[in-house]
Amino acid sequence: MKIIIKNNYADMSTEAFKLFAEAFRDSESLGFATGNTPKALYRMISSECKAGRLSFRGKCTFNLDEYYPISSQNSESYWSYMNENLFNNIDIDRRKINFPRSMPNADETVNRYIEKYSRFGPVDLQILGIGRNGHIGFNEPGTTKYSTIRIVDLSPDTIKRNNAPVHKAITMGIREILESRKIILLASGSDKSWAVSDAVTGRITKSLPASFLQEHADTTLILDREAASRLHYGGNIEMQQQYPNDHA
């Protein structure tokens, strides 16, 4: 596990784009997360595509999760989020966007996404965030590393923090996440500091699903100073960069 600590959210996002761009050319399938943290990264990707310096032609994408059940037309859906923040701004063949859409029943919803993942996965380059309770995707505390694509109940904390429109979601499991060839996890803000610290330096446990990333061969965490504030560096961490000193 590699750690890069930057001074603030803007610097963290710039570093994330740098690593994304380096891995992009050798990646056929890209995995994306939602939430506030990757928005600046997606703006940078969109800008580079519009300028012709980055192209999604020939690429396919996967998204980690989506609320269930929810219409894709709902402004609170992750499909709407991805269209607004990325998909409408890049030159991707929309037939190659693999997304966990709500179908008429739960089994059909899950089986449809499993079929897409079986055909076009696993992911070469996965962007992740981390929840305050240590979830990745919507793999809430109590999730094992053998979990797969499924419908889950969201925790009360996640429902409150996300102001979630429903109480369930479809998510990739820990197994699919760990099958990704390369993972870049972004975390910003002091409210993520406990989850980051425990995920990186604590024991591997299903009570903190992000801790399973310790078993992944190529995971890089890019953190701002606040998210990294509780880290105590151990032997399982390769520090690539620390934040600079403040300047007056």
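Bear in mind these aren't lab numbers, they're just calculated from the coordinates by the rules spelled out. These numbers come from a predicted model, not from an experiment. Positions of Cβ are generated from backbone atoms using ideal geometry, with glycine treated the same way; all protein chains shown enter the neighbour counts.
For the reader, a short list of remarks on this structure follows.
- Using a Gaussian network model of the chain in which every pair of alpha carbons under 10 angstrom is joined by a spring, one finds that among Ser193, Ser211, Ser71 the greatest mean-square fluctuation is at Ser71.
- Cα centre as origin, Lys/Arg/Asp/Glu Cβ charges: segment 138-203 dipole, Debye: 160
- About its Cα centre, the dipole of segment 2-241 is roughly 200 debye, where the only charges are +1 on Lys and Arg Cβ and -1 on Asp and Glu Cβ.
- Relative to one another, the C-alpha centroids of segment 43-66 and segment 206-229 are positioned 24 Å apart.
- Dividing the summed -39500 (n - 2.57) terms of all DSSP H runs of n ≥ 4 by the residue count of the chain sets its mean residue ellipticity at 222 nm at -8500 deg cm²/dmol.
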